[in-house]
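Single-structure report; data block below.
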Amino acid sequence: MTNIAVSSVITGREDRDAGTEKDVHIGTRGLDLYYGEAHVLKSVSFDMYRSSVTAFIGPSGCGKSSFIRCVNRMNDFIAGARVTGELLVDGDDIYAPGTDVIALRRRVGMVFQKPNPFPMSIYDNIAYGPRLFGVTDKDQLDDIVRRSLEWAALWEEVQDKLGSSGTGLSGGQQQRLCIARAIATEPEILLMDEPTSALDPLSTARIEELIRDLKKDFTVVIVTHNMQQAARISDYTAFFLMGELIEYGKTSKIFTAPDEARTGDYITGRFG
Amino acid sequence: MMSRFSLQTRRSKDRAATLLLYCAALLLCAGVFFALYFVASRGWQVISWEFITEPPRDGMTAGGIWTPLVGTLQLTFLSMMATIPVGVATGLYFSEYASDNAFTRILRLAIRSLAGVPSVVFGLFGLSLFVVLLGFGSSMLSASLTLACLALPLMITASEQAFMAVPKEYRDASYALGATRWQTICKVVFPSAASTVVTGIILSVGRVAGETAPIIFTGAAFYTPGLARSIFEEVMALPYHIYVLATAGVNIEQTRPIQYGAILVLVVLVLSVSSLGIWMRRRRL
């Protein structure tokens with residue numbers, strides 16, 4: 001909130017309007033993350049907006065992947081992981097005692113760095129999430145599978161082989177299958193942890209196109225090592241360095257006139 | 001001249017070492033094959049359909065091995081019924097639930113020690129626990145439970161390794177979709193590990209089927225007129241039957257061919273079960 005306000009003042013009315021019009025979907029207030037002794041995130045405070053794409057950039061080990069794993073509480077599985085401060089999704093602190101983590105993960109989908117389809121059929125991969133929540137009706141599942149695959153721009157390629165194994169697809173197809181699987185449960189937020197880093201340029205282009213479409217229905221948070229990718233697909237960019245949020249604002253602003261010298265240095269490839 | 005000489009010595013040393021190691025390996029193989037040949041050459045004459053399907057007769061000097069063969073199958077089956085659920089559940093606990101703390105370390109140590117306990121100790125343990133304390137008497141049940149204890153370490157280790165081998169990515173994907181731990185186990189971890197778990201089961205069967213010491217005190221019969229009809233009856237078992245034929249028969253000279261025939265059947269049974277397990281394990285890797 002504070003950061004976007006600062007950049008709005010600098011860049012003028014247009015940004016300020018955009019900032020106030022959009023509603024906050026994910027917000028953090030003094031968020032700290034520790035893995036045992038290691039202080040991974042240091043007092044991070046900012047807001048991400050509904051139906052936008054926010055890109056996280058920064059060198060390896062800067063905490064950006066750890067951050068998105070806070071949003072669906074996947075860090076819970078790491079022994080010694082500890083979070084202080086607030087992480088708000090729709091205004092509710094998801095680290096408050098009594099939070100239903102299972103329900104949270106239904107609202108916050110995730111796509112991983114390495115495509116990780118289950119060793120099951122394409123159909124069963126997509127139906128996995130809905131089945132977890134008790135959808136058993138065949139027609140309804142058929143409908144979800146078709147819609148999710150269409151959403152993920154994979155339907156035309158796989159419609160004739162829904163029964164064959166998801167692991168038999170190409171890397172790019174597997175990743176779109178994973179995206180389809182993540183959106184089959186209709187989450188509000190989609191977290192993507194370097195979703196194209198294991199893919200060839202053509203598959204990457206397809207997925208970038210897909211992400212631009214997905215933001216109509218989802219709030220997308222994406223971690224990327226690819227500066228061009230962040231510039232191409234995101235509305236907002238957050239630059240992390242050694243666990244600190246150095247700068248956050250409109251992507252157009254971050255990539256053309258960053259306030260921080262370190263942001264500019266990283267983007268232009270002077271370090272990282 | 002000097003260097004040429006030393007090169008020669010090094011070469012001959014290398015050859016000698018190679019030869020020595022080959023000999024050691026050859027000796028081992030020779031030992032195994034000699035034992036197999038020894039058993040097969042003495043046992044094969046008596047092997048016939050009747051030998052397999054007829055019970056022993058005339059003070060075990062005639063007839064076949066039907067009763068002990070079926071008894072061994074019954075014991076193995078019943079012991080697996082006990083070992084599989086406990087072993088798989090413990091393996092799941094270690095792989096999916098246990099964190100690394102003092103309690104789980106002691107538990108692991110206990111299981112590892114259990115694997116090294118001599119089988120006769122299991123026999124005495126079974127005698128005091130199942131036969132006496134729990135009052136099952138000398139019976140198929142007591143013997144099977146004793147065999148189950150013996151197979152437990154193997155079953156736990158095999159299933160834990162099978163579950164651990166399921167890629168973390170599958171679990172991540174499942175949890176990220178909002179699955180509970182139990183849903184993840186049932187829908188992802190277990191199906192992916194099932195075939196490896198089956199391999200562990202088969203290896204446990206091979207281990208249990210040939211054991212003698214654990215069942216002598218707990219339920220193996222010297223002789224029964226027919227097959228056991230209830231789990232509270234004593235049963236004849238192939239390994240114990242062989243022991244009896246070799247040491248305590250009425251006429252040892254007359255029972256010798258039957259003894260070798262029984263050994264051959266048991267060896268073939270255990271070898272084929274173990275080979276099946278090893279083949280399945282290698283195919284997985």
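Counting Lys and Arg as +1 and Asp and Glu as -1 over every other residue whose Cβ lies under 15 Å from the Cβ of B:LEU269, the net charge comes to 0.
Please report, in cubic angstrom per residue, the volume enclosed by the convex hull of the alpha-carbon atoms of region B:1-113. Please list the in-between numbers first.
On the way: hull volume 30.3 nm³, N = 113.
About 268 Å³ per residue, rounded to a whole number.
Look at the dipole of chain A built from charges on Cβ: of A:PRO59, A:ILE246, A:VAL220, the Cα furthest out on the positive end belongs to A:PRO59.
Below 15 Å Cα-Cα, how many Lys pairs turn up in the protein assembly as shown? Only count pairs eight or more apart in sequence, or on different chains, if you could. Lysine pair count for the protein assembly as shown: 6.
In region A:66-161, the alpha-carbon atoms span a convex hull of 143 Å³ per residue.
Using DSSP loop states and a limit of at most 15 other Cβ atoms within 10 Å to flag GluC sites (Glu not before Pro), what is the longest stretch of chain A containing no flagged site?
A:38-259
Report, in order of residue number, the helices in chain B meeting two criteria: a C-alpha extent of 24 Å or more along the helix axis, and a mean Kyte-Doolittle hydropathy of at least 0.0; treat each whole DSSP H run as one helix. Write out the running numbers ahead of the final one.
Details: long enough: B:2-43 (60 Å, 0.67); B:66-92 (38 Å, 1.23); B:140-164 (34 Å, 1.40); B:190-209 (28 Å, 1.36); B:252-284 (47 Å, 0.64).
TM-like helix candidates: B:2-43, B:66-92, B:140-164, B:190-209, B:252-284.
Of all alpha-carbon pairs in the protein assembly as shown, indicate the percentage at a distance above 36 angstrom. The partial results should precede the final answer.
On the way: 84097 of 154846 pairs.
It works out to 54 percent of all Cα pairs.
Once the trypsin sites (Lys or Arg not before Pro) in DSSP loops with at most 13 neighbouring Cβ atoms within 10 Å are cut out of chain A, the longest remaining piece is A:1-160. Calculated on the alpha-carbon coordinates, the convex hull of chain A measures out at 128 cubic angstrom per residue. One Cα centroid belongs to region B:95-128, the other to region A:102-153; the line between them spans 41 Å.
Local charge sum around B:ARG42 (other residues, Cβ-Cβ under 15 Å, Lys/Arg +1, Asp/Glu -1)?
0
Per residue of chain A, the DSSP helices (runs of n ≥ 4 H) give a summed -39500 (n - 2.57) that works out to -11500 deg cm²/dmol at 222 nm.
Stokes-Einstein, applied to the Kirkwood radius of chain B over Cα pairs at a viscosity of 0.692 mPa s and 37 °C, places its translational diffusion at 151 µm² s⁻¹.
With runs of 4+ DSSP H residues as the only contributors, calculate the mean residue ellipticity of chain B at 222 nm using -39,500 (n - 2.57) per run, divided by the residue total and rounded to the nearest 500.
One gets -23500 deg cm²/dmol as the mean residue ellipticity at 222 nm.
Mean partner shielding of peptide A:122-129, defined as the number of other chain Cβ atoms within 10 Å of each residue Cβ, is 2.
Values in this text are rule-based calculations from the coordinates and carry no lab data. Please read these numbers as outputs of a predicted model, since none were measured by experiment. So basically every Cβ, Gly included, is an ideal-geometry build from the backbone, and we count neighbours across all protein chains shown.
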